[in-house]
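Here is the structure we will look at.
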Amino acid sequence: MRVLVVGSGGIGGVVSSVLNESAGPGVEVVTLTTNPGIAAAIEAQGFRLREGGSTRAIRGRVVTALQSGEAPFDWILLATQPPQVEAAARGALPWLGPKGAMVCFQNGLCEARIAKLAGAERVVGAVVAWGASMPETGLFERTSDGGFTLGRIEGIDDPRLPQLATLLEPIGPVTLTRNLAGARWSKLAINCAISTLGTLGGMRLGGLMVHRFVRRLALEIMTEVVEVARAQQIHLEKVSGTIDLDWIALTAAERRVWGSPGLVAKHSMLLAVGARYRNLRSSMLAAIERGRTPAVDFLNGEVVDHGKRLGIATPVNAEAQVLVHALAKGIRKPSLKLVHRLAAYARLKTGSGQDRKTARSA
């Protein structure tokens, strides 16, 4: 089996590290990065993987370009950021074996984009339920535990998926699904809130979710995503087997008030998520810091675009998209004050929480 990992950021670096460490003698792993600095660091020191407070070096092959004599790959694991995934897939496609498949690790809804390039039968979705970062060049750190959900965008079984599951299991537990759309939209709702608010606030998740107004804003963002998904008759899956998006979305009554027993439970869930993934740092924020295009158009932007086609208003996601682009252009800087600005906009546009005569305990 030949495996190509395209991308060497946090996710790609961890995937490459573990696959090189765990793959048996019948598996060859190659990592493709367009960053010569990262390639040089890996060639000199190996993939440095930080887990549980310790760091180890793992040797593996890294290249900055694929040569004409390179043998075809059975799996091409696309681990770039969403804005780069189509170019990455287009560049790697000539080296995809006739029975092989590309695997989308990106957040968002990238499978449909890659299917236009490679064909739907050669695309697999991998919903990643864990986080990672690259705190320094060639050093990769897992910031949270979790595994993968694998499936096809057509909602069908694929005899290749058990092989892929076996390959990825050393990284984290793997679940196979026929409802990739439901898993993707549930994760999209989470990312539109957590990743985007983490980008605007410039903070790790643990420090962000202790603020009550941030949790309320996250609920507003996720509610818009759930409404768009429901309009498409998508059956939402639980994220990591625990977070029920149908339940966490605000009801019409909850959107009018600031506190209620139901809101107490939902805020408690977000507090628990913040505690569990407290070290999670937005990859969009890291992209902006490196001068790269943030993935907001593939997250909140997807919700806004689908909402327009369906006639569903998504003002909070739309404004969040605008603010992230303002950060990328240097017009604004990440701060908790910027998240406050978005929260005020949400109250203005949706009337959310305007009835403050109700209980304030949530």
For Val103, residues with placed amide H under 5 Å, excluding near neighbours: Ile76, Leu77, Leu78, Val124
³J(HN,Hα) computed for each position of segment 148-164 - Karplus, 6.51 cos²θ - 1.76 cosθ + 1.60, integer Hz, glycine/proline x: 9, 10, 10, x, 9, 5, 7, x, 10, 6, 9, x, 7, 5, x, 5, 5
Computed magnitude of the charge dipole of segment 2-178 (debye, nearest 20; Cβ of K, R +1, Cβ of D, E -1): 160 debye
Whole-angstrom gap from segment 90-147 to segment 300-348, using each part's C-alpha centre: 26 Å
Extended-chain gain in nm, criterion 0.36 nm per residue less alpha-carbon gap, Thr242 and Thr55: 64.3 nm
For Cys192, Cys110, order by how many other beta-carbon atoms lie within 10 Å, fewest first: Cys110, Cys192
Cα lying deepest toward the dipole's positive end in segment 182-350, options Ile234, Phe213, Gly202, charges on Cβ: Gly202
Fraction of beta bridges assigned by DSSP in segment 12-145 that are antiparallel (%, nearest 5): 35 percent
Nearest-ten-degree value, helix 315-328 long axis tilted from longest Cα axis of the chain: 50 degrees
Tilt relative to the chain, helix 10-22 - C-alpha long axis, 0 to 90 degrees, to 10: 40 degrees
Within a Gaussian network of the chain (alpha carbon springs, distance under 10 Å), most fluctuating of Glu237, Glu136, Glu43: Glu136
Under-5 Å amide H pairs with Leu96, H placed in peptide plane, nonlocal only: Phe73
Positive-pole candidate from Val128, Trp95, Pro162, dipole of segment 2-178, charges at beta carbon: Trp95
Sorted by Cβ density within 10 Å, fewest first, the residues Leu217, Leu66: Leu66, Leu217
Unsatisfied cross-links (Cα-Cα over 23 Å) in the set Lys187/Lys308; Lys238/Lys337; Lys308/Lys349; Lys308/Lys333: Lys238/Lys337; Lys308/Lys333
Segment 201-266 shape via C-alpha gyration tensor axes, a/c threshold 1.5: oblate
Shape call, segment 182-350: gyration tensor on alpha carbons, a/c limit 1.5: rounded
Karplus-derived 3J(HN,Hα), 6.51/-1.76/1.60, for each residue of segment 38-47, Hz, glycine and proline x: 5, 4, 5, 5, 5, 4, 7, 10, x, 6
Total charge dipole magnitude, the chain, about the Cα centre, Cβ charges on Lys, Arg, Asp, Glu only, Debye to nearest 20: 1380 debye
Bridge type composition, the chain - antiparallel percent by DSSP, nearest 5: 30 percent
3J(HN,Hα) from dihedral phi, segment 168-178, Karplus parametrisation 6.51/-1.76/1.60, rounded to Hz, x for glycine, proline: 8, 4, x, 7, x, x, 10, 10, 9, 9, 9
Cut-off under 5 Å, modelled amide H: who pairs with Arg48 long-range: Ile58, Phe140
Rounded to 10°, Cα long-axis angle of helix 180-201 versus longest principal axis of the chain: 70 degrees
GNM flexibility winner over the chain from Arg178, Arg309, Arg278 (Cα, springs under 10 Å): Arg309
Most mobile listed residue (Val27, Val174, Val228) in the chain, GNM with C-alpha springs under 10 Å: Val27
Mean Cβ count within 10 Å, highest first, over the residues of peptides 263-273, 122-132: 122-132, 263-273
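No lab work stands behind these numbers, since they all come straight from the coordinates. All figures in this text were calculated on a predicted structure; none of them were measured in a lab. Please note: Cβ atoms are built from the backbone with ideal geometry, for glycine as well, and neighbour counts cover all protein chains shown.
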